Amino acid sequence: MKIFNTLNNSNTIDGFILLGFPCPREGQILLFVLFSIVYLLTLMGNGSIICAVRWDQRLHTPMYILLANFSFLEICYVTSTIPKMLANFLSKTKVISFSGCFLQFYFFFSLGSTESFFLMVMAFDRYLAICRPLHYSTIMTGSLCINLVVSCWIFAFLWLLIPVIIISQMSFCGSRIIDHFLCDPGPLLALTCKRIPVMELLFSTLNPLLIIILFFFMMGSYTLVLRAVLRVPSAAGKRKAYSICGSHLAMVSLFYGSVLVMYGSLSSQQEEGMQKIVTLFYSVLTPLLNPVIYSLRNKDMKRALQKFL
């Protein structure tokens, strides 16, 4: 009843209403418990990878340094959405402030872009390790690795900065209801007093454009890697090369598979119906599976995690 009253009085609310997953009170509590467990497991799993890389001297190589930074990114990624989602499960109004909404919007999509950059850099690292093994140590130095990590964060957070500032200065009329568990640009633009087709086109192309460019770069890197692996004469060498790239390809498939489903929906109705589920997949499930994928397929990481735990 209080949610119903909140929706009726949404014009007087200083912020927005995140509907999330509408269901009875018992269902909200069950979802709260479920996502709390997922959040804690994600923090523990990715945190264990960071600690293992930090304390095991054998893992102080560019490949594992990138993996540790990627795990830290995954922690930030889930933290940008799940805490507010958990609070809304127990809230009777489900209100998020204007500043909180735009901060969540900016950090969620910037961190998602950072993940795309990191996957590209990790693909480049695997290309050098397999296709240029004799020159790997001279090319992928510690300073280059650090510069690549810093560049991923800077470029990703600058990519959407100006568009987010522009939309945050717009006026919002009518309903303040967002049928999502996070502040998404589509529903936000639909709530503006004056529709601006240019801004809608900008948001609908800017983030997918970056993802598509990075995706094709990764596919090019792995095509060269596959060619190099097929030329390896020994079966043991091929298995080692597949083992090195297998975990990373699994993570790329999970992340980009769900993102391509999101942006490749044939109709807006399909997109609205699948949006929450697909967003959950790449924003919650992928960070949860990251430690499992990388630890199960990597003997050095398994030894380091066993030693740490």
Original post:
Just a yes or no: is a residue in segment 209-216 outside any helix (DSSP H, G or I) and either open to solvent by 20 Å² or more (accessible area, probe 1.4 Å) or without any contact (Cβ under 8 Å) to a residue 60 or more places away in the chain (or both)?
Top reply: no
Original post:
Taking SER71, is it polar (S, T, N, Q), buried (at least 23 other Cβ atoms within 10 Å of the Cβ), at pLDDT 90 or above and assigned to a helix (DSSP H, G or I)?
Top reply: yes
Original post:
Looking at segment 94-108, is at least one residue closer than 22 Å to PHE216 by Cα and in a loop (DSSP other than H, G, I, E, B)?
Top reply: no
Original post:
Filtering segment 224-244 down to residues that are modelled with pLDDT of 70 or more and in a helix (DSSP H, G or I), which residue is farthest from LEU119 (Cα to Cα)?
Top reply: LEU230
**OP:** Please identify the pairs in which a residue from segment 30-50 that is free of Cβ contacts under 8 Å to residues at least 60 places away in the same chain and within 9 Å of SER71 (Cα to Cα) has its Cβ atom under 7 Å from the Cβ atom of a residue that is among the small types (Gly, Ala, Ser) and buried (at least 19 other Cβ atoms within 10 Å of the Cβ), counting only partners at least 6 apart or on another chain.
**Re:** ILE50/ALA68; ILE50/SER71
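Taking PHE124, is it part of a helix (DSSP H, G or I) and farther than 30 Å from PHE16 by Cβ?
Details: part of a helix (DSSP H, G or I): yes; farther than 30 Å from PHE16 by Cβ: yes.
So PHE124 passes the test.
The values are calculated or read from the model by the stated rules, or taken from the named source; none is laboratory data. Keep in mind the model is a prediction, meaning the values are calculated, not measured. Because the Cβ atoms are built from the backbone with ideal geometry, glycine has one as well, and the counts that use them run over all protein chains shown. Ligands, DNA and RNA are stripped out before the accessible areas are found, and what is left, the full protein with its side chains, is counted by its heavy atoms. Shrake-Rupley method; radii C 1.70, N 1.55, O 1.52, S 1.80 Å.
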